[in-house]
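Asks: One structure, pasted below without further comment.
The values are calculated or read from the model by the stated rules, or taken from the named source; none is laboratory data. The structure displayed is predicted, hence computed values, not measured ones. FYI the Cβ positions are ideal-geometry reconstructions off the backbone, even for glycines, and counts take in every protein chain you see. For the accessible areas, the whole protein counts, side chains as well, though only heavy atoms, and no ligand, DNA or RNA atoms are used. Shrake-Rupley method; radii C 1.70, N 1.55, O 1.52, S 1.80 Å.
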Amino acid sequence: MGLTNKSTGAVVLESELRIERTCPDDKVIALAGNPNVGKSTVFNSLTGLNQHTGNWPGKTVTNAQGKYRHEGRNFIMVDLPGTYSLMANSVEEEIARDFICFGAPDATIVVSDSTCLERNLNLVLQTLEITNKVVVCVNLIDEAKRKKINIDFKGLSKHLGVPVIPTNARSKKGLDKLMDAVYDITNNHKAAKPIQITYDDTIEQAIKMLQAKVRELVGDKIDSRWTALKLLDGDAALIKSLNEYLGFNLMDDNVLQRLLKTAKKHLSDNGIKPDQLRDKIVSRLVHIAEDISSNTVTFENSGYNNTDRKIDSVLTSRIFGIPIMLALLGLVFWLTITGANYPSQMIATFLFRIEDLLTGFFEGAGAPSWVHGLLVTGIYRTLAWVVSVMLPPMAIFFPMFTLLEDLGYLPRVAFNLDNFFKKACAHGKQALTMCMGFGCNAAGIIGCRIIDSPRERLIATITNNFVPCNGRFAPPSKGQTCSVFCAFWH
Amino acid sequence: MNNYIPLNFLPLGKKGKVRTLTSIGSIRRRMLDLGLISETVVEALQKSPSGDPTAYNIRGATIALRSEEASKVLVEVN
């Protein structure tokens, strides 16, 4: 039995995003988190190969869904785009917020980085304003241990009012407990009472003016306090999604309209202009995050990142920065190109021996020469060339590139090169996607999503095509066919 | 604005306290998301080899800002 989005209430996202439940008991889990906190590792470790990807309806942002089973129940996990906030400053944030608000997930996991928890708490707090069905997953605890950062997880859970689970997703540490916590939340075993975020008196008074009426109109469908705050904030895109979700236009209600007018006047009378409200809201969240963090996180070694800084000052120094970078990237290329020759040769020898066998077989069977030409010298030989030329360099290049990423060197490359890219109206991060493009243009172009500014992202997407992928810079004798192949493929 | 300087003039190794953001719109919101609100202490860590983006320590995270972005954050140096 398949339940459509309509029957589960997710009408805002109905157009294409389909969450297929195999039975009504299946629970939908949203996975949110800042970029680079190991969110994908959590997602992959829990769902394994049970995933499928697509795009968010009408958006060029990847949507991944996966399934896992725990305690005899199916959980469908929806991987939201990595964001720092839910204030809808970008398409990614809008998607994440809309799904948490209107996608009716049975629980939301917010993955955060234990090595800079304070910053990550911003997203946690914003999520808690929308829903109380939240599990906070504090990831990368091994890294925090290495940096001698101590986190009082129990205290953190008490402050936030929701379960907090420490994990190290890469080594699967804590994932069982995470699944248990999600199970409990979706079962309503534990009614969570999340932290109440209170603002200035003036803002609070304005919220109070609206809240009762909003609750009367929206019922339990959505948090009335949060809705009131967002109405004051006047975020047009959100109000549009909200109206679609509710199925009626909230602002059609005359009483609410009048109340909103009075509340907004109350704000401006007390010195909070419309553009200052957002600042006040954000500042408040940052202050709360600061308070919670100072109560629960202790740095055993106050200069915990001194070593990192010393390394940084060499890697990005005026004298050594660029030479070290060229040497490292040069080494990767040299290893890829020369290293790939050996396996490439072996694969080629092997595959072309099979071609000889095939030719022998076709001749023996008396097949017409055009059949042999089409199947053997056409299809088989091209395939053999492509595999022998392209597979080995990819198998060497990508693991090495991943190693540089894990060492954290890649952001330094972007940092070193940003000024040059800026002169071309592009962004330093494009250097990384171009490097990826040497392995495979498709990967290089998908990687462009790491660039925040839409204009710079578009430039990167278009120009990364011109990076010669390893099929195109392969040895000329075999390379020629492959360049043609690549040109078609891209 | 007596002691306030734009963040991009903060010397390396020095700390400054955020006083005002002069940017507007999406850049302002991004700055706020980074935690650059009033009273936040920011330390200039490192300049890129060509001198432009500068890495800052903002609330425990190392973040690189271009000079035109940093110039719209006014800080007070003690």
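Asks: For segment A:33-58, which residues satisfy the criterion of being touching a Pro at 6+ places or on another chain (Cβ under 9 Å) and within 20 Å of A:ALA104 (Cα to Cα)?
Replies: Listed by number, the list holds a single entry, A:TRP56.
Asks: For segment A:299-310, indicate whether the set of residues that are open to solvent by less than 50 Å² (accessible area, probe 1.4 Å), free of Cβ contacts under 8 Å to residues at least 60 places away in the same chain and more than 29 Å from the chain's Cα centre (by Cα) is non-empty.
Replies: Yes, the conditions are met somewhere in segment A:299-310.
Asks: Taking segment B:37-49 only, how many residues are in contact with a Gly (Cβ under 9 Å, 6 or more places away or on another chain) and more than 19 Å from A:HIS287 (Cα to Cα)?
Replies: So the count comes out to 4.
Asks: Filter segment A:134-146 down to the residues that are buried (at least 17 other Cβ atoms within 10 Å of the Cβ) and over 17 Å from A:ILE288 (Cα atoms), then identify the one that is farthest from the other protein chains (Cβ to nearest Cβ).
Replies: Only one residue tops the list, namely A:VAL135.
Asks: Taking the options A:THR127, A:THR108, A:THR131, name whichever one is surrounded by fewer than 24 Cβ atoms within 10 Å (Cβ to Cβ), within 22 Å of A:LYS221 (Cβ to Cβ) and of a type in the set (Ser, Thr, Tyr). Explain how you work it out, then say what you get.
Replies: Working: A:THR127 fails: surrounded by fewer than 24 Cβ atoms within 10 Å (Cβ to Cβ); A:THR108 fails: surrounded by fewer than 24 Cβ atoms within 10 Å (Cβ to Cβ).
Exactly one residue qualifies, and that residue is A:THR131.
Asks: Do we have any residue at all in segment A:425-438 that's among the small types (Gly, Ala, Ser) and surrounded by fewer than 20 Cβ atoms within 10 Å (Cβ to Cβ)?
Replies: Scanning segment A:425-438 turns up no residue that is among the small types (Gly, Ala, Ser) and surrounded by fewer than 20 Cβ atoms within 10 Å (Cβ to Cβ).
Asks: Could I ask something else about it? Run A:LEU326 past the list (1) open to solvent by 50 Å² or more (accessible area, probe 1.4 Å); (2) farther than 19 Å from A:PHE397 by Cα; (3) within 13 Å of chain B (Cβ to nearest Cβ) and report the number of the one that doesn't hold.
Replies: It is condition (2) that A:LEU326 fails.
Asks: Another one. Residue by residue through segment A:192-208, note down the ones that are open to solvent by 70 Å² or more (accessible area, probe 1.4 Å) and in a helix (DSSP H, G or I).
Replies: If the condition is that a residue be open to solvent by 70 Å² or more (accessible area, probe 1.4 Å) and in a helix (DSSP H, G or I), then A:ASP201, A:GLN205, A:LYS208 are the ones that fit.
Asks: Considering only residues that are assigned to a strand (DSSP E or B) and within 18 Å of A:SER85 (Cβ to Cβ), which ones fall in segment B:19-36?
Replies: B:LEU21
Asks: So, one more: What is the one condition in (1) in contact (Cβ under 8 Å) with a residue 12 or more places away in the chain; (2) farther than 16 Å from A:SER40 by Cβ; (3) in contact with an Asp or Glu (Cβ under 9 Å, 6 or more places away or on another chain) that A:PRO105 does not satisfy?
Replies: (3)
Asks: Can I ask one more? Output the number of residues of segment B:1-26 satisfying the condition of being within 13 Å of chain A (Cβ to nearest Cβ), open to solvent by 70 Å² or more (accessible area, probe 1.4 Å) and touching a strand residue (DSSP E or B) at 6+ places or on another chain (Cβ under 9 Å).
Replies: 2
Asks: To continue, here is another question. Scan segment A:279-293 and tell me whether some residue there is at negative phi and part of a loop (DSSP other than H, G, I, E, B).
Replies: Within segment A:279-293 (the criterion being at negative phi and part of a loop (DSSP other than H, G, I, E, B)), the answer is no, since none of the residues qualifies.
Asks: If you check A:LEU331 against the conditions, is it without any contact (Cβ under 8 Å) to a residue 40 or more places away in the chain, loosely packed, with under 14 Cβ neighbours inside 10 Å, of a type in the set (A, V, I, L, M) and within 13 Å of another protein chain (Cβ to nearest Cβ)?
Replies: No.
Asks: Can you tell me which residues in segment B:37-78 are under 21 Å from A:ASN120 (Cα atoms), outside any loop (DSSP other than H, G, I, E, B), at the interface with chain A (Cβ under 10 Å from one of its Cβ atoms) and open to solvent by 40 Å² or more (accessible area, probe 1.4 Å)?
Replies: Matches in segment B:37-78: B:THR62, B:ALA64.
Asks: Show the residue pairs that are 6+ apart or on different chains and have beta-carbon atoms under 6 Å apart, the first residue being within segment A:72-92 and away from chain B (no Cβ under 14 Å), the second being polar (S, T, N, Q) and not in a helix (DSSP H, G or I).
Replies: Note: pairs meeting the criteria are A:VAL78/A:GLN65.
Asks: Please state which one of A:LEU128, A:LEU46, A:LEU123 is farther than 25 Å from A:ILE446 by Cβ and in a helix (DSSP H, G or I).
Replies: Going through A:LEU128, A:LEU46, A:LEU123 in turn, just one is farther than 25 Å from A:ILE446 by Cβ and in a helix (DSSP H, G or I): A:LEU128.
Asks: Just one of A:ASP113, A:ASP106 is of a type outside the set (S, T, N, Q) and touching a strand residue (DSSP E or B) at 6+ places or on another chain (Cβ under 6 Å); which is it?
Replies: Just one listed residue meets the conditions, A:ASP106.
Asks: Can you name the residue in segment A:163-191 that is part of a loop (DSSP other than H, G, I, E, B) and in contact with a helix residue (DSSP H, G or I) (Cβ under 7 Å, 6 or more places away or on another chain) and, of all such residues, is nearest to A:GLU300 (Cα to Cα)?
Replies: This residue is A:THR167.
Asks: Report, by residue number, each residue of segment A:426-442 that is in a helix (DSSP H, G or I) and touching a residue at least 40 places away in the same chain (Cβ under 8 Å).
Replies: A:CYS435, A:PHE438, A:GLY439, A:ASN441, A:ALA442
Asks: Another one. Looking for whichever is of a type in the set (D, E, K, R) and modelled with pLDDT of 90 or more here; the options are A:ARG318, A:ARG278, A:ARG309, A:ARG258. Which one fits?
Replies: A:ARG258
Asks: Right, here's the next one. Of the residues in segment A:17-43, how many are in a strand (DSSP E or B) and either at negative phi or open to solvent by 40 Å² or more (accessible area, probe 1.4 Å) (or both)?
Replies: Total meeting the criteria: 6.
Asks: From (1) within 14 Å of another protein chain (Cβ to nearest Cβ); (2) under 24 Å from A:PRO81 (Cβ atoms); (3) open to solvent by less than 20 Å² (accessible area, probe 1.4 Å), pick out the condition that doesn't hold for A:ILE185.
Replies: Just one mismatch for A:ILE185, condition (1).
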